[in-house]
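There's a structure below that I have some questions on.
The values are calculated or read from the model by the stated rules, or taken from the named source; none is laboratory data. All figures in this text were calculated on a predicted structure; none of them were measured in a lab. Neighbour counts are summed over all protein chains in view; Cβ atoms, including those assigned to glycine, are modelled from backbone coordinates with ideal geometry. Heavy atoms of the whole protein, side chains included, go into the accessibility calculation; ligands, DNA and RNA do not. Shrake-Rupley method; radii C 1.70, N 1.55, O 1.52, S 1.80 Å.
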Amino acid sequence: MGRSMPPTLANGKICYLDIPAVDIDRSADFYARVFGWKIRRRGDGATAFDDGVGEVSGIWSVGRPPAAQPGFLVYVMVQNAEATVQAIVANGGEIVQPIVADGPNITAKFRDPGGNVVGIFEEPTLRAKS
């Protein structure tokens, strides 16, 4: 499900995430298994990732508090919210807000292995393709 084109480069694009972690390898494995993020080793040795479509990259960092309470909340787009919730739980995440349908929007929130609360957003056009 990777992209063959380079990522979009434009003013205002969200491009990089620095995610708090307790155990970087554990968090990397979680996001790779649940969302298909591609894990790589940077030149400086840090564990980095590229999201499922190669548009956003980032790293995990220890020593910073997790985003344990939703304030600034990041959502990951998914094809199937129910299947993703099952994958989150199967890989050690915790559901903190079950699936909610608000009109065409289907969302849920989970706590990752580092303690961060993150949302998922089911994209209806992706679901139609499944």
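Take the residues in the stretch 2-50 that are on the phi > 0 side of the Ramachandran plot and at pLDDT below 95; name whichever of them is most open to solvent (accessible area, probe 1.4 Å).
Result: Gly12.
Same structure, new question: Would you mind telling me which numbered condition in (1) among the β-branched types (Val, Ile, Thr); (2) outside any strand (DSSP E or B); (3) at pLDDT 95 or above Val53 fails?
(3)
Sticking with this one: Residues in the stretch 86-118 that are in contact with a helix residue (DSSP H, G or I) (Cβ under 8 Å, 6 or more places away or on another chain), in a strand (DSSP E or B) and within 13 Å of Ala67 (Cβ to Cβ): how many?
1
State whether the residues of the stretch 29-47 include one that is assigned to a strand (DSSP E or B) and touching a Lys or Arg at 6+ places or on another chain (Cβ under 9 Å).
yes
Working only within the stretch 80-90, note down all residues that are under 13 Å from the mean Cα position of the chain (by Cα) and more than 12 Å from Lys109 (Cα to Cα).
Within the stretch 80-90, just Ala87 meets the criteria.
Only residues in the stretch 81-109 that are open to solvent by less than 50 Å² (accessible area, probe 1.4 Å) count as the first member; pair them with residues that are acidic (Asp, Glu) and in a strand (DSSP E or B), Cβ under 9 angstrom, at least 6 apart or cross-chain, and list the lot.
Pairs found: Ala81/Glu122; Thr84/Glu122; Ile88/Glu94; Ile106/Glu122; Thr107/Glu122; Ala108/Glu122.
For (1) at pLDDT 95 or above; (2) not aromatic (Phe, Trp, Tyr), each residue gets a yes or a no:
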| residue | (1), (2) |
| --- | --- |
| Gly92 | yes, yes |
| Val96 | yes, yes |
| Gly103 | no, yes |
| Ala108 | yes, yes |
| Asn116 | yes, yes |
| Phe121 | yes, no |
| Arg127 | no, yes |
